[in-house]
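Visitor: Sharing a structure here in structure tokens format.
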Ligand SMILES: Nc1ncnc2c1ncn2[C@@H]1O[C@H](COP(=O)(O)OP(=O)(O)OP(=O)(O)O)[C@@H](O)[C@H]1O
Ligand SMILES: Nc1ncnc2c1ncn2[C@@H]1O[C@H](COP(=O)(O)OP(=O)(O)OP(=O)(O)O)[C@@H](O)[C@H]1O
Ligand SMILES: [Mg+2]
Ligand SMILES: [Mg+2]
């Protein structure tokens, strides 16, 4: 192993408003190594990275860097209103002879580079028109295409498709060949073991382990992260989902012919009480749109949604919620948390009218229900009055889950519910989904992790280009079947416009 | 490449509800009012618009960074007074003194906004008061009005013409052109968009957000000072009563021009169209001639509303 | 003040005026002959007609134009100097052969005058004197002498107080030369008397601001015995403030102001105001007379001072109808 | 280190109170005749209309908006009073309030349904509203004589001037609205993250329209009170630049312009602070130039202390 350290950190401490996010952390990154940085939500991984890159000044300790660092931060951090090309080149735009930005060249270059990452979108369009996953790939391209000596990736795969993850791994491989050091943060064990050679484990802001990864059994890594003994942790497969559920007979949710041009073209989904239906598909296949169309957050041209046989008014989130639908949105920061408000207020937000009388809110009722959910979902907070913006990503996600459960829905739409959540919390969330289904809730589960879908769902609806490309049940719930459905040619029955190619 | 061009074109069209309105207004005015199209009237329109245009170019940059600059009206007046005051020492003092002082106030605005997390609205509101106060100090509570010698070179800057169009018109056009280039074809311009588009992300992407902010406010201050200097040259004196409410005019022409007040998007061309619209509508009110003076503001308000709503609908 | 006559109502004031400086004749100045009857005359008003002075001024011009069969074009600059310049240019463009301008400010209208000069259109400025050259840049100025108004206010104040007491001045808007002149005149006028100025604060020519400032001043200087308000509106505001503070305006505290609005004169008649120096807004007859004389080839003086009336406790009740 | 952190935090939350106390102390020491009942009365009476407007402004700012039209709405209310005072003070006041409601509702409609940015939407009414008021009033200031109506501005109730009492009651009501009602909490949520609030099924449009409507009504109340105190309807000047005074007071009081937070007591203190500053400057007879510069410095200082640390 190469021994040249490119980053050396000793005894770094960082405190936010009294919370020690980092507590005397040592960290050494060697040239050419792929170093996994792991830990539970809120362990301090993102904070350490921001210290490494100089975004945060540490309160104490030493940071030594040799070489240029480029970073992909945890939340997609690009400028949605600027064009894809502008985002890619921001800060190092190609120039003309007169020192002005050469837009033609930038466009052409951007197209060439992004093709290598599987993105064919128009690079002159605003970045915001791309899906989250595509944006993540642009961020990846931006970070990798600079001549950096170190590339840091904070949960880069959390918004990526299996196919995109492969692209990412190829990129990592290329970087590795060029002897570039990589810091890799992820909650996905498979990925870590596949690409990383070294690991550093953080727990509650402290470094608890550092060493080669290959020698370390998974179960031991998990035990280091959680701070519990190995025997405590039962190795129960890759996910915490249990057996199939016993679904009712009559569907509680029927969504027919949902059409929202141009991204959704006639999707049908039905879910019975106590059933978990998974939604699979590639990036931009319309899964998020399907969920949003069901709850009425995007306008639809066609189609209707029935709850227990009754039609839900279209394009009206409030009515859909009253009918018993709740949706956990994919983008936590933009569509989930209300950053200024406390954990308590974030949890009760949707249920507020039910917790008040004559428009006056009742604190006692709120406190009771908030306590219940903080305990049940094991949300790590200093107090329910803590501002939600101060929580780690995983705990914010749990707060949002609590919000939707609080609204006592009949149907729960979960768009990437375990994205960015640590192994411990992820298992908890998965177990919770299981439990909710057992209690008779109908769940629509959208996930980019195939394992999660295959294990967690009783039935899978596979989407492609806004169509249903297939439905899988029972024995068909295997990786091969899903990939086949995703890759299958359009049916010749003339469902789609370009069917005449056959 | 062609698709890129076409999509850019539709995008421009969508953004420019104002351009559509301007064309319609001009066409109607041309047909209805015989005097509207006269060369004299056109020259006067251009000149009147040019002072506001200079201020609005700076405001466009500020608004694209997601900020706002309420101090421009006061700085405009202050710039005029300083120019007239400086004119006793010759052309360059007359021109540079207002640029320096107003630019400095702009820098202070920018520093306060960028280095502390104070809202631009409130910081520039304070400098609106401050600059007015300073102006009153200089003019002995408004008792002194500095005159500029009518035969000085500085007056020529405001009064001289080419083809009958005043120098300020050309200065405004050149500045608009430079502003457009700066915004779209330089790294600074990209930083301006990035700062307004998503500040946190811009920081993480290595954009010098603080420096960008200081620069745009400095620019806005300097341009307001320049507009004041040009006005003083044109009026041959440092009039103290100008610039009241000019900040609202500048903001409304920028917004009419399709620049988002939330930041992250906007064009200098749009702003110029906004200035054009405002100038034309005022001229039309004059051409009608019989409108009750109180009713004029109703018309301007309603007009502003129509343009913004139109824009909003076009963008959908 | 030698420039001012102090008698007569509005009808008289139109006729009575004094002039100064060498005259300006049409042939000498090179203006063409324009017959006033049937001619197009432009009037550029400076501010919205939202106070009695502006309302009366515009009305007077309109009435007189109608009476003389003149086609009148009007514009309103809405307190925007640049707009007034372009207003004047557009009046010229629309064919005005004679111009009456109520300038927004003493300085800064040069470009407009130059445009008029280029088209050989004579300009009569009213109510506010501009710093440009009479007879070359514009024809003549008709209006009050603001310094003189301040002096007369001082005289009225001296008369009412016996020349002793503490005066608070409610200043007009900052940066406005009317404010400057009325302050200067008043301060000059009380030199050598027992009147001392204990406070001068701007009320921005506005009734409610005048009232608010007065309320503060009574609290901090309870010994104020006189108030000089630079327009009636602020004076009326001061009356309300004084009453609310339990003082008797007009008796405990003397109030003198400039303008001549009906409200203020009524207050004198009611006994809660001391005196008002008129600032006469009825420029119509005088302005058109001047234009007519000019057309007829007579010499026009450089400035024509309109006579300002004065209201005090002795005459307010009789003259109430003259107030505007 | 945590001590300084808590200290700055404390100052950040309470800076405006500290400033008010400091200014009071200064005046007690250096201003003659400051410690009199009459003086405090004057300050309260003058602050009352600004406070009423600022309360509404605080709500709007809480939704990440701003309302520039409040001064124009005051003018509209003032212009309507003399037209209907013949039917008695109550109908006249009700009509003024109704117009405030309509104006505010219209602003809310533009913001919530049409999707126009609040500054621009309300700027249109700022420009047009006062013009309309002047058209209604025919450009004239109208002297008012109805004793019942004028009593609003001059009389006391429970030992307090009526306008001060009204402002106090409204402050308590608004505080209750923000902190104790569903509407208030939804308002703050909408200001904190509008998209999230929408996806949480909150009636975003209704909340926004409601907030602007409340602000319109409050501005009309301020217009009515100011008119009765002035004993005249003066649409040309009433409420001029009120939008800036109100916004300043709200922000100085610690409500950030970025929305998601409303501090009602802070707003009250912000209004009191700015009132005291103005009073101090007048009482010390400072010229307008210096007065404006000092006000600028105080605004910056107050907001600097209360700003959100990154
Ligand atoms: N800007 C901030 N202000 C206050 N507290 C913060 C801030 N950033 C992080 N924290 C706190 O620091 C701790 C570490 O957070 P960090 O984001 O580094 O966790 P993480 O390991 O990246 O978690 P995740 O896996 O959820 O991303 C958490 O308790 C978090 O609440
Ligand atoms: N062309 C576009 N115009 C507007 N929004 C878009 C466009 N493309 C993608 N998006 C947005 O990106 C998000 C993801 O898109 P979509 O639902 O099609 O993908 P998905 O299948 O859910 O994939 P993933 O969740 O992995 O990103 C959606 O919120 C959608 O609104
Ligand atoms: Mg993290
Ligand atoms: Mg999705």
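Visitor: Read through the list (1) surrounded by fewer than 23 Cβ atoms within 10 Å (Cβ to Cβ); (2) away from every other protein chain (no Cβ under 13 Å), then give the number of the only condition that residue C:114 fails.
Guide: It fails just one condition, (2).
Visitor: Moving to a separate point now. Can you spot a residue in the range B:97-110 that is within 12 Å of chain C (Cβ to nearest Cβ) and more than 23 Å from residue B:212 (Cα to Cα)?
Guide: Looking for residues that are within 12 Å of chain C (Cβ to nearest Cβ) and more than 23 Å from residue B:212 (Cα to Cα), one finds none in the range B:97-110, hence no.
Visitor: Taking the criterion of being within 13 Å of the chain's Cα centre (by Cα), more than 14 Å from chain D (Cβ to nearest Cβ), outside any strand (DSSP E or B) and away from ligand 3 (no atom under 16 Å from the Cβ), would at least one residue in the range A:431-439 satisfy it?
Guide: No, every residue in the range A:431-439 fails to be within 13 Å of the chain's Cα centre (by Cα), more than 14 Å from chain D (Cβ to nearest Cβ), outside any strand (DSSP E or B) and away from ligand 3 (no atom under 16 Å from the Cβ).
Visitor: Output the number of the condition that residue A:385 fails; it satisfies all remaining conditions of (1) within 16 Å of ligand 2 (Cβ to nearest atom); (2) modelled with pLDDT of 90 or more; (3) over 30 Å from residue A:254 (Cβ atoms).
Guide: Here residue A:385 meets the rest and fails (1).
Visitor: Could you run through the range C:243-254 and say how many residues are in contact (Cβ under 8 Å) with a residue 12 or more places away in the chain and within 12 Å of chain D (Cβ to nearest Cβ)?
Guide: Residues that pass the stated criteria total 4.
Visitor: Being more than 20 Å from the chain's Cα centre (by Cα), surrounded by 23 or more Cβ atoms within 10 Å (Cβ to Cβ), at pLDDT 90 or above and within 15 Å of ligand 1 (Cβ to nearest atom) narrows it down to one residue among A:51, A:84; which is it?
Guide: A:51
Visitor: Residue under question is residue A:199, and the condition is that it be touching a strand residue (DSSP E or B) at 6+ places or on another chain (Cβ under 7 Å), away from ligand 2 (no atom under 16 Å from the Cβ), more than 14 Å from chain B (Cβ to nearest Cβ) and part of a helix (DSSP H, G or I); does it hold?
Guide: Answer is no for this residue.
Visitor: Still on this structure, please answer the following. Residues C:185, C:163: which one is away from every other protein chain (no Cβ under 14 Å) and over 21 Å from residue C:211 (Cα atoms)?
Guide: Answer to the check: C:163.
Visitor: Something else now. Here are C:129, C:119, C:209, C:187: which of them is under 18 Å from the mean Cα position of the chain (by Cα) and either free of Cβ contacts under 8 Å to residues at least 60 places away in the same chain or closer than 20 Å to residue C:306 by Cα (or both)?
Guide: Numbers: C:119 fails: under 18 Å from the mean Cα position of the chain (by Cα); C:209 fails: under 18 Å from the mean Cα position of the chain (by Cα); C:187 fails: under 18 Å from the mean Cα position of the chain (by Cα).
The match here is C:129.
Visitor: Of all residues in the range C:90-109, which are touching a helix residue (DSSP H, G or I) at 6+ places or on another chain (Cβ under 6 Å), surrounded by 24 or more Cβ atoms within 10 Å (Cβ to Cβ) and over 24 Å from residue C:279 (Cβ atoms)?
Guide: C:90, C:98
Visitor: Also: Looking only at the range A:1-17, filter to residues that are part of a strand (DSSP E or B) and under 26 Å from residue A:378 (Cα atoms); which one of those is modelled with the highest pLDDT?
Guide: In this case the residue turns out to be A:14.
Visitor: On to the next question. Select, from D:219, D:279, the only residue that is more than 12 Å from chain B (Cβ to nearest Cβ), surrounded by 24 or more Cβ atoms within 10 Å (Cβ to Cβ) and modelled with pLDDT under 95.
Guide: D:279
Visitor: Then there is this: Tally time: how many residues in the range A:415-440 are within 16 Å of ligand 1 (Cβ to nearest atom) and under 13 Å from residue A:452 (Cβ atoms)?
Guide: 9
Visitor: Further question: Could you say which residue among B:244, B:207, B:255, B:214 is away from chain C (no Cβ under 14 Å) and under 30 Å from residue B:306 (Cβ atoms)?
Guide: Exactly one of B:244, B:207, B:255, B:214 is away from chain C (no Cβ under 14 Å) and under 30 Å from residue B:306 (Cβ atoms), namely B:255.
Visitor: Among the helices (runs of 4 or more DSSP H) contained in the range C:86-201, which hold 1 or more residues that are farther than 30 Å from residue B:284 by Cβ and modelled with pLDDT of 90 or more?
Guide: The helices (runs of 4 or more DSSP H) meeting that bar are C:146-161, C:177-190.
Visitor: Output the residues belonging to the range D:127-141 that are more than 7 Å from chain B (Cβ to nearest Cβ) and surrounded by fewer than 23 Cβ atoms within 10 Å (Cβ to Cβ).
Guide: D:136, D:138, D:140, listed by residue number.
Visitor: Tell me, which helices (runs of 4 or more DSSP H) wholly within the range B:179-236 include 3 or more residues that are at negative phi and within 18 Å of the chain's Cα centre (by Cα)?
Guide: In the range B:179-236, the matching helices (runs of 4 or more DSSP H) lie at B:209-235.
Visitor: Going residue by residue through the range A:161-180, is there one that turns out to be buried (at least 24 other Cβ atoms within 10 Å of the Cβ), away from ligand 4 (no atom under 16 Å from the Cβ) and in contact (Cβ under 8 Å) with a residue 60 or more places away in the chain?
Guide: Scanning the range A:161-180 turns up no residue that is buried (at least 24 other Cβ atoms within 10 Å of the Cβ), away from ligand 4 (no atom under 16 Å from the Cβ) and in contact (Cβ under 8 Å) with a residue 60 or more places away in the chain.
Visitor: Can we say residue B:289 is more than 11 Å from chain D (Cβ to nearest Cβ) and crowded, with 23+ Cβ neighbours inside 10 Å?
Guide: no
Visitor: Of the numbered conditions (1) under 24 Å from residue A:279 (Cα atoms); (2) more than 14 Å from chain D (Cβ to nearest Cβ); (3) in a helix (DSSP H, G or I), residue A:418 fails exactly one; give the number of that condition.
Guide: Failed condition: (3).
Visitor: Across the range A:87-109, which residue is surrounded by the fewest Cβ atoms within 10 Å (Cβ to Cβ) among those that are within 11 Å of chain B (Cβ to nearest Cβ), assigned to a helix (DSSP H, G or I) and over 24 Å from the mean Cα position of the chain (by Cα)?
Guide: Residue satisfying both the conditions and the ranking: A:104.
Visitor: When you scan the range A:145-160, how many residues do you find that are within 16 Å of ligand 2 (Cβ to nearest atom) and within 13 Å of chain B (Cβ to nearest Cβ)?
Guide: Residues flagged as within 16 Å of ligand 2 (Cβ to nearest atom) and within 13 Å of chain B (Cβ to nearest Cβ) within the range A:145-160 amount to 0.
Visitor: How about the range D:104-121: which of its residues are in a helix (DSSP H, G or I) and closer than 20 Å to residue B:69 by Cα?
Guide: Passing the criteria: D:118, D:119, D:120, D:121.
Visitor: Taking the range B:168-183, which residues are buried (at least 16 other Cβ atoms within 10 Å of the Cβ) and within 13 Å of another protein chain (Cβ to nearest Cβ)?
Guide: Hits for the range B:168-183 are B:168, B:180, B:182, B:183.
Visitor: So in the range A:300-318, with the set limited to residues that are within 13 Å of chain D (Cβ to nearest Cβ), part of a loop (DSSP other than H, G, I, E, B) and under 29 Å from the mean Cα position of the chain (by Cα), which one is nearest to residue A:467 (Cα to Cα)?
Guide: Only one residue tops the list, namely A:315.
Visitor: Among the candidates A:163, A:142, which residue alone is away from chain B (no Cβ under 14 Å) and either part of a helix (DSSP H, G or I) or more than 16 Å from ligand 3 (Cβ to nearest atom) (or both)?
Guide: Matching residue, one of A:163, A:142: A:163.
Visitor: Quick one: in the range D:282-310, of everything that is in contact with a strand residue (DSSP E or B) (Cβ under 9 Å, 6 or more places away or on another chain) and within 12 Å of chain B (Cβ to nearest Cβ), which residue is surrounded by the fewest Cβ atoms within 10 Å (Cβ to Cβ)? Spell out how you get there, then give the answer.
Guide: Within the range D:282-310, the first condition is being in contact with a strand residue (DSSP E or B) (Cβ under 9 Å, 6 or more places away or on another chain), and the residues that meet it are D:282-283, D:285-288, D:291.
Filter again for within 12 Å of chain B (Cβ to nearest Cβ), leaving D:286-288, D:291.
Values: D:286: 15, D:287: 18, D:288: 23, D:291: 23.
Across the range D:282-310, the extreme among qualifying residues is D:286.
Visitor: So, one more: Being assigned to a helix (DSSP H, G or I) and more than 20 Å from the chain's Cα centre (by Cα) is true for just one of B:128, B:104, B:112, B:97. Which residue is that?
Guide: B:112 is the lone residue from the list that is assigned to a helix (DSSP H, G or I) and more than 20 Å from the chain's Cα centre (by Cα).
Visitor: Has the range A:347-363 got at least one residue that is within 16 Å of ligand 4 (Cβ to nearest atom), closer than 30 Å to residue A:259 by Cβ, assigned to a helix (DSSP H, G or I) and in contact (Cβ under 8 Å) with a residue 12 or more places away in the chain?
Guide: No.
The values are calculated or read from the model by the stated rules, or taken from the named source; none is laboratory data. It should be emphasised that the depicted structure is a prediction, and the values quoted were computed from it without experimental measurement. All Cβ positions, glycine included, derive from the backbone under ideal geometry; neighbour counts span all protein chains shown.
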